[in-house]
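Take a look at the structure below.
Every number here is computed from the coordinates shown, using simple stated rules; none is lab data. This structure is a prediction, so every number in the text was calculated from the model and none was measured. Here the Cβ positions follow ideal geometry from the backbone for every residue, glycine too, while neighbour counts run over all protein chains shown.
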Amino acid sequence: MGLLERLTSPAELHRLSLNELRILAEEIRELILDTVSKNGGHLAPSLGTVELTLALYSIFDFSIDKIVWDVGHQAYTHKILTRKDNFHTLRKFKGISGFPRRVESTFDSFGVGHASTSISAALGLLAAEELQNKFGRVVAVIGDGALTGGESFEALNHAGQLKKNLIVILNDNEMSIAKNVGALSEYLSEVRLNPQYRKAKKDFEDFVKGLPLSETILNAAQSVRYGLKSAIVPGTIFEALGFTYIGPIDGHNIRTMQDIFFRARELDEPVLIHVHTTKGKGYEPAEKSPEKFHGVGKFDKDTGEILKKNSPPTYTEIFSQAILDLAEKNKKVVAITAAMPAGTGLKKFAEKFPERFFDVGIAEEHAVTLAAGMAAGGLLPIVAIYSTFIQRAYDQILHDVCLQNLPVIFCLDRAGLVGEDGATHHGTFDMAFLRTIPNMNILAPKDENELRQMFFTAAEMKKPVAIRYPRGAGLNVEIEEKNFLAWGKAEYILQDEKSDVVIFAAGSMVQNSVDAAKILREKNIFADVINARFIKPIDKDILKNSSCGKKLFVTCEEGTISGGLGSAVAEFFADENISVPVLRLGIKDNFVEHGSRDELLEICGLTAKKIAEKISTKLEIETDVKIYKKSSLKKF
């Protein structure tokens, strides 16, 4: 029986020897590899933090202390230590999430999934501890990539100002801040943590303050001091924000980390510990290709080969080619993304047009306002960001782009249900929150061909446009030569003279609605299916004409019902005094769990079968209501 199998509580790590912790690290690494190869997940980030997590748990007591993981994609070891018996269910429907969740474990102090939030949350937890006379320590673990997000620096600035004893672990796995890991930096950390050094430093500062020196001489002395310090000591920026900076240290050396964590825990001031780790540590394919194994599907553990099914091109791939084609014709096209050139399909663009490509890091707000500035300067910016992450830039879209009616095209990948990443990553809110903004236009393609047409059409409109499209493969339709659509016009997909029902569907739900109509026909219920294409501006003419004389008007969308396509239709009917029963199908007012997309569509009632069932049930209810009303009128 291995060490991990015998482990019953994270507290037991306090009693393990250094050699036992090293053995445990290898067992955990093997479990992560085995599970992620079957379930998919964030492999490389979590392989890089095995020793770091063990060192933290061997020094702190996280049943009393608290830990906040930024993003949470590097927290698999944390999950194994706190719920190892369920780790095999990682990212499975009804299993444990791929990210920390407060409802899942008391060790998950704060729910995460988006970057740059950990320091703010940890500072809030620390303030709560102090105001309630509790004495636990609070640790925030943040990756260097998350430091490109402005919120992290806002939090660092505030923490340094408050002088609270917050501990921030900066996990640097991309060499983006410093390369000088070794004896010198470890020596500097040793000196900084030495109590005698700290006392001598304070005594010297008090002595200097008591000298009758002029202000000019004091300022000059300070300038020399900080100049020399900046030249030889890394982390001066964090010192300037009020933190004691320690590092860089080796994030795979458990003994070194234990020693530093132990003494940092005793300091009564903000501390930032810079730890250098190797992304994908211990698994050669992930070490060689950390981006490929950052978030990965199922793969062969022995070879590192990703297990892919033969499928049509993805929507991301179609967009990738479309922007290349547009950029060839239009020299004003520029592309912007927030740390996801590969995920959004911009990698080829970056290689072909490097001077016209801008990766701003995890800084969606900046990405949008940068695009607004470029548009104001005469360029045509294409902002490619996942739907869930564009939420972070709502004010910039409203204030900087739409208020000025600037021609910025937002390409929102992963719109709708994304599957196993769960509630933090589902792109289900974009239609609702973008629809409220004046001058914004929102498009949703029914297939990959229509995505291309929408993209080229948007490029000609000289106004803000958002195109939302789902994760994964398209419908394998033929890509047409025609690249333009009639602006603001929906289209009939199915039309029947005997129809009593209209299904007005958007994007990914068009095909499901067509399939639902076929199921209904077997029950002698005939339905027209309309591809909305435009959530805003909505096609008012087709709404008026198609609803006339119908028993039921159905809207269907892979997004939240509150404020989305269904709301737009209901608002229009109310304004125009159009009296027709409306059934709105979509995602109810709740956050959807993780699971496969098919499983999630089933529980949300958005499969063809579920759509048909709901329409049939609603028709029966409406028929019963009409019979009752007629009967009541006769009696009256």
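Laid out as a table, the results:
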{"quantity": "Computed label-point distance, nm, for sites F93 and E622 using a 7 Å Cα→Cβ extension", "calculated": "3.0 nm"}
{"quantity": "Inter-label distance, nm, simple model (7 Å from Cα along the C-beta direction), L267/A486", "calculated": "6.8 nm"}
{"quantity": "Placed amide H near A140: partners under 5 Å, 5+ positions off or other chain", "calculated": "V68, I167, V168, I169"}
{"quantity": "Segment 465-618: mean projected area of Cα convex hull, nm²", "calculated": "9.9 nm²"}
{"quantity": "Residues with amide H under 5 Å from that of K281, placed H, sequence gap 5 or more", "calculated": "G48"}
{"quantity": "Helix-only CD estimate at 222 nm, as mean residue ellipticity for the chain, using -39500 (n - 2.57) per DSSP H run (n ≥ 4)", "calculated": "-12500 deg cm²/dmol"}
{"quantity": "Two-decimal ratio, segment 421-480, of alpha-carbon radius of gyration to 2.2 N^0.38 Å", "calculated": "1.26"}
{"quantity": "Largest-first principal axis extents of the Cα set of segment 315-468 (Å)", "calculated": "38, 32, 29"}
{"quantity": "Difference of contour (0.36 nm per residue) and Cα-Cα distance, Q132 to N310", "calculated": "58.4 nm"}
{"quantity": "Inter-part distance where segment 425-450 and segment 528-602 are each reduced to a Cα centre, Å", "calculated": "13 Å"}
{"quantity": "Low-density loop cleavage sites - chymotrypsin sites (Phe, Trp or Tyr not before Pro) in segment 42-147, where at most 13 other Cβ are within 10 Å (DSSP)", "calculated": "F135"}
{"quantity": "Descending semi-axes in whole angstrom, ellipsoid equivalent of segment 48-148, from the Cα gyration tensor", "calculated": "21, 16, 14"}
{"quantity": "Segment 1-140, relative contact order in percent, only Cα pairs under 8 angstrom and at least six apart counted", "calculated": "24 percent"}
{"quantity": "FRET efficiency for M1 and S105, using Cβ-Cβ distance with R0 set to 30 Å, rounded to 0.05", "calculated": "0.80"}
{"quantity": "Set K94/K292; K281/K347; K292/K332; K489/K536 screened for pairs whose C-alpha atoms are more than 21 Å apart", "calculated": "K94/K292; K281/K347; K292/K332"}
{"quantity": "Length gained when the stretch K498-K301 is fully extended (0.36 nm per residue, less Cα-Cα span)", "calculated": "65.3 nm"}
{"quantity": "Percentage of interatomic Cα-Cα distances in the chain larger than 35 Å", "calculated": "49 percent"}
{"quantity": "Theoretical gain in end-to-end length, E12 to E26 [0.36 nm per residue, Cα-Cα removed]", "calculated": "3.3 nm"}
{"quantity": "Point-to-point label distance, S562-E576, nm (Cα→Cβ direction, 7 Å offset)", "calculated": "2.7 nm"}
{"quantity": "19 Å Cα-Cα reach of K352 towards aspartates and glutamates, excluding residues that sit fewer than 8 places from it in its own chain", "calculated": "E317, D325, E328"}
{"quantity": "Trypsin sites (Lys or Arg not before Pro) restricted to segment 497-530 and DSSP loop, no more than 12 other C-beta within 10 Å", "calculated": "K498, K523"}
{"quantity": "Loop sites in segment 376-475: trypsin sites (Lys or Arg not before Pro), DSSP, at most 13 other Cβ within 10 Å", "calculated": "K462"}
{"quantity": "Counting DSSP beta bridges with both ends in the chain, the antiparallel % (nearest 5)", "calculated": "15 percent"}
{"quantity": "Cα-based shape type of segment 244-396, given that a ≥ b ≥ c are square roots of the gyration tensor eigenvalues and the cut on a/c is 1.5", "calculated": "oblate"}
{"quantity": "Rounded FRET efficiency, nearest 0.05, which uses the C-beta distance separating D34 from K331 and R0 of 45 Å", "calculated": "0.35"}
{"quantity": "Spin-label zone in segment 246-284 - amide nitrogen under 18 Å from a point set 7 Å from the Cα of N19 along the C-beta vector", "calculated": "254-256"}
